[in-house]
Amino acid sequence: MWKDLETKTDLVNHGGIARAIVGLIREPNLSPMTIGVHGDWGSGKSTVLEMVRAELVGQPKIAVLSFNGWLFQGFEDAKIALMEAIIGELERDQRWSAKIKSGAVKLLRRVNWLKVARKVASAALAIPTAGASLLIDGALETVRGAVSNSSDDDAWLKDAESRDVTRQIHEFRDEFRQLLVVAEIEQLVVVVDDLDRCLPSVAIETLEALRLFMFVERTVFIIAADEALIEYAVRQHFPGLPYAEGPAAFTRNYLEKLIQVPFRIPPMNADEAHAYVALLFVEAAMRGKSGEFEMMLTKLVSSRGDAWSPIRVDAALIEKNLGNGVKLDNNVRAHLLIADRVARPLATGSKGNPRQIKRFLNTLMLRMRLADAHGMSKSVNEGALAKLMLLERFNPALYRALVEAVRTSSTGMVADIDRVASEEEAKKARALPETLARSTAFYEWAHLEPTLADVDLRPYLFVSREYAPGYVGESAYPDLPTALVSRFLNATQFDESTLERELRSLSGERAERLLDIGLTELRGKSQLKELDGGPLRGLAALVRAHQHLQAGYVDAIDALPAESIGAFMPLYMRGALTDSSAIAKFSQTEERWTAEGDRLLKEAVVVARRSGR
């Protein structure tokens, strides 16, 4: 399995974006500058940032710092958290710490002042009534004294805060600029990640803090975020503005004002997805062999030719770039074959999203481990499971129809599943449910290797059952067709004889299981006394078809209290019983009903005996 974390290893061909960003950063005349790395959730933004960091870290006179607003969310004001994090990281770096010690102290003092000012301002309205409980870093007495000499308490405090904060911002920027000069930092690169995970207010505060406090000469900010989520944050932050050109235009203009150079990460195409899946499998196989995979990948990339040229990662290519006559084992070769089969539908279904592809593969690995833990590794083929998961992940409606087809099959196989590669063949696939037989998407999926025509799919649904709830059947009996169970429990006068013929084909063991289902259904009926038909007809058909069940059926009904028995029960029981010992037992039950039951039950017993039922 694979970690869902950023990496410096480029498996998705995003290295060109990282190198272009590094080239921009190294342009001396472009700073201050804000670079945006945009893309959907899981598109590889954090990986691009990590590759940029790897290129820049350690270069002389370049400081590379990281800030994750999501980590500070809920604990600190976003502006203050950003300033403290940047100054703190500079102070801890041995290359700059000695030179900036006094300057960092001054800046942190200003940050503390802003922190106190914010708290005092937010608590100002509470001073007249709750002054005794207000304690904010020694600022209470100053605030009390000033307020007591003012005729307009609230106005004074807001005006004073406004004048001081403005001055503090200017002085903070000047001192921050001087700090970089003293430290001989030619470029400060601040990497801001996970901004699109933050609450809208936190995202906007962080962006504005960058511009307000720290956007000075020698600074470059790289911001990774989904544009759509940041635009949403802007709309939430400015809900009442009169948008002359519409809200979309305003949010776009606002975003462009904050971020000058945007890079949007493209989705992977089918060839890139194939290479990504194949390389993930090879990487997993080579874990523990220090540096070998990275060296192989470097050789592979350098030999690819044009960047837009597709690269077909197969066993021969991997072995060639590993060198030294290294041969891949059969397990890796099998996984590369899976990559061949699933890459294109995975790329289409996931819209070329690396994280979604990795999650798909992690789920595949997890289910294979689950199969092994249940002792089912011989019953679950990894390639077949991957094929089923494609349908499950990207076409849930068809997957549910397939699950239903498996459930109604006595063998777990879906008849004619291999005859839907074209519409013409689908017409001949009479055993296939109509939902599947008429679906073009299902034709395309069924055509993928491996074929599932003669495969018992029940083990596959078992290890995938978190997305197929209820698969195990009405009462934990996966080998009873759901459609048959449904007809059995809802039998009518018109289909009772047809149902009886179908029930005769059941094995003795499965008939016993169906009897348990019917009896459980009866016991659970709150209106058993009024029940006519349904499971009563189904049970009658079942015990007529399987005479050996009649004695057990009578025992189960006899265990029910007489007051719960309705007038229809004696009629159905007499009409179902043909075994002499079962009839003798039931006669004793009728005697008890006559003694303990109500008037209607007594009369029903008499009628059933007279009619010979």
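The values are calculated or read from the model by the stated rules, or taken from the named source; none is laboratory data. Small disclaimer: the values here were computed from a predicted structure and weren't measured. Cβ: placed from backbone, ideal geometry, glycine included. Neighbour counts: every protein chain shown.
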Cβ-Cβ below 9 Å, separation at least six or inter-chain, first residue in the range 521-536 and over 14 Å from ASN490 (Cβ atoms), second of a type in the set (Ser, Thr, Tyr): which pairs?
-> LEU528/SER564; LYS529/SER564
Give just the number: which of (1) under 30 Å from ALA511 (Cβ atoms); (2) in contact with a helix residue (DSSP H, G or I) (Cβ under 9 Å, 6 or more places away or on another chain); (3) surrounded by fewer than 18 Cβ atoms within 10 Å (Cβ to Cβ) does VAL380 not satisfy?
-> (3)
May I ask you to list the residues in the range 159-194 that are modelled with pLDDT of 80 or more, hydrophobic (A, V, I, L, M, F, W, C) and not in a loop (DSSP other than H, G, I, E, B)?
-> PHE172, PHE176, LEU179, LEU180, VAL181, VAL182, LEU188, VAL189, VAL190, VAL191, VAL192
Has the range 572-582 got at least one residue that is under 14 Å from ILE557 (Cβ atoms), assigned by TED's automatic domain parsing to the domain that holds LEU528, out of contact with any Leu (no Cβ under 9 Å at 6 or more places or on another chain) and in a loop (DSSP other than H, G, I, E, B)?
-> yes
What pairs can you find where one residue is in the range 560-587 and over 20 Å from THR520 (Cβ atoms), the other is of a type outside the set (D, E, K, R) and exposed (fewer than 15 other Cβ atoms within 10 Å of the Cβ), and their Cβ atoms are less than 7 Å apart, with a gap of 6+ or different chains?
-> ALA567/LEU600; THR578/GLN547; ASP579/GLN547
Candidate set: the range 405-443, residues that are of a type in the set (Asp, Glu) and touching a helix residue (DSSP H, G or I) at 6+ places or on another chain (Cβ under 8 Å); chosen: the one modelled with the lowest pLDDT = GLU423
